[in-house]
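The structure appears right after this line, and notes come after that.
The values are calculated or read from the model by the stated rules, or taken from the named source; none is laboratory data. Not measured: the values here are computed from a predicted model. We place every Cβ from the backbone using ideal geometry, glycine too, and count neighbours over all the protein chains shown.
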Amino acid sequence: MTRAVVFGYHNVGVRCLRVLLAHGVEVPLVVTHDDSAGETIWFGSVGRTAAEYGIPTLAPEDPNASDVIARVAAARPDFIFSFYYRRMLAPALLAVAPRGALNMHGSLLPKYRGRAPVNWAIIHGERETGATLHYMADKPDNGDIVAQTAVPILPDDVASDVFAKVTVAAEMTLDRALPALLAGTAPRIRQDPGKSSYFGGRKPEDGVIDWAKSAIAIHNLVRAVAPPYPGARTLIDGHPARLLRTRVLDATASAVIAPAFDVADGRITVRCGGGGILQILELEIDDALVGAGAFAHWRAAHAEAVPGRIGAQEPPAVPDQND
């Protein structure tokens, strides 16, 4: 029976671990992460899934520590798989698996190598993304591709919508590729470095709205960081606010020097500095959801500030998540 050690986290880790087991792969060890107290945990637990199957687990601070490598080697894996595990695995660890070490990445490689590929793809207005199974190498996400599956990104999809699609794509990719991989007949397709792009982890300032941009660009940011991520942030008349859901009403409206909110016909809209009109479907000010009627009253109560004018300074930083 083929043996594999799994490094995994998040929903992709849960689903891909189940795929391996469904194909009869013996998994003697799972390496995962302890959940961070500062992070909203909205996804499944690889550790709990492993426990359901009686598989021993580790959650080391450093997966490349000598004792961890020794534990993995003692499990005698044919393969090592990494499914949304958040740390790079060193060459010494990868070498433990004689038949190869493979990673499932949440993009259509070679595009969007690195961290938070779903969020960055939405921010850049991509119309599709997907999941890629590839061999791990000394640089992140640049090893030979075994298989990949594309999924669409619809204009109003938020990150959680796209991540759910990518999770299914990852499951399908592994399920289709695994028989050939186990038989030793799977392809190895070299990535084209000329088509590659790399993005790092999300930083607090990445979630702050730049109102000089177009309605489409701002809408893409809102979608990319919508809950369960921290949300797109700004100041409205000096008060911290989050835009949680938006829609582009008119992408062709002309640019304006001073972006401003408006409330009419039960809708909150804003003309954006780079052009276009954005409808705000869910708005939060001072940690409270505000509808169109309440926002109109709120503006009237804050008329001493600059009515309807938008953040001249950045709101307090809130760490983004990197999945």
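Take residue 248 and decide whether it is closer than 23 Å to residue 43 by Cα and not basic (Lys, Arg). When the stated conditions are applied, residue 248 does not pass them. Every condition in (1) in contact with a Pro (Cβ under 9 Å, 6 or more places away or on another chain); (2) free of Cβ contacts under 8 Å to residues at least 12 places away in the same chain; (3) within 21 Å of residue 44 (Cα to Cα) holds for residue 158 except the one numbered (2).
Return a yes/no flag: does region 11-24 have any residue that is free of Cβ contacts under 8 Å to residues at least 24 places away in the same chain and either touching a Gly at 6+ places or on another chain (Cβ under 7 Å) or of a type in the set (D, E, K, R) (or both). For region 11-24, residues free of Cβ contacts under 8 Å to residues at least 24 places away in the same chain and either touching a Gly at 6+ places or on another chain (Cβ under 7 Å) or of a type in the set (D, E, K, R) (or both): absent.
If the condition is being assigned to a strand (DSSP E or B), out of contact with any helix residue (DSSP H, G or I) (no Cβ under 6 Å at 6 or more places or on another chain) and hydrophobic (A, V, I, L, M, F, W, C), then region 233-274 contributes 235, 236, 241, 244, 249, 260, 261, 264, 270. Which residue is farthest from residue 8 (Cα to Cα), if the candidates are limited to region 151-187 and must be touching a strand residue (DSSP E or B) at 6+ places or on another chain (Cβ under 7 Å) and surrounded by fewer than 16 Cβ atoms within 10 Å (Cβ to Cβ)? This residue is 156.
The residues of region 87-117 that are closer than 15 Å to residue 13 by Cβ and either under 12 Å from the mean Cα position of the chain (by Cα) or among the polar types (S, T, N, Q) (or both), listed by number, are 103, 105, 106. For residue 215, the test of being under 25 Å from residue 120 (Cβ atoms), surrounded by fewer than 17 Cβ atoms within 10 Å (Cβ to Cβ), modelled with pLDDT of 95 or more and touching a strand residue (DSSP E or B) at 6+ places or on another chain (Cβ under 9 Å) is failed. On inspection, residue 69 qualifies as crowded, with 17+ Cβ neighbours inside 10 Å, modelled with pLDDT of 95 or more and farther than 24 Å from residue 132 by Cα.
Annotation note: of 26, 61, the sole residue that is more than 30 Å from residue 223 (Cα to Cα), among the acidic types (Asp, Glu) and in contact with a Ser or Thr (Cβ under 9 Å, 6 or more places away or on another chain) is 26. Within region 155-180, the set of residues being over 18 Å from residue 112 (Cα atoms) and of a type in the set (A, V, I, L, M) comprises 168, 172, 174, 177, 178, 180.
Within region 126-139, residues that are in a loop (DSSP other than H, G, I, E, B) have Cβ atoms under 7 Å from residues that are surrounded by fewer than 15 Cβ atoms within 10 Å (Cβ to Cβ) in these pairs: 127/152; 138/91, counting only partners at least 6 apart in sequence or on another chain. If you go through region 36-62 and keep only what is exposed (fewer than 14 other Cβ atoms within 10 Å of the Cβ) and either over 27 Å from residue 182 (Cβ atoms) or touching a Leu at 6+ places or on another chain (Cβ under 9 Å) (or both), you end up with 36, 37, 38, 39, 40, 41, 53, 56, 61, 62. Filter the helices (runs of 4 or more DSSP H) completely within region 34-119 down to those with at least 3 residues that are within 26 Å of residue 168 (Cβ to Cβ) and free of Cβ contacts under 8 Å to residues at least 12 places away in the same chain. By residue number, 46-52.
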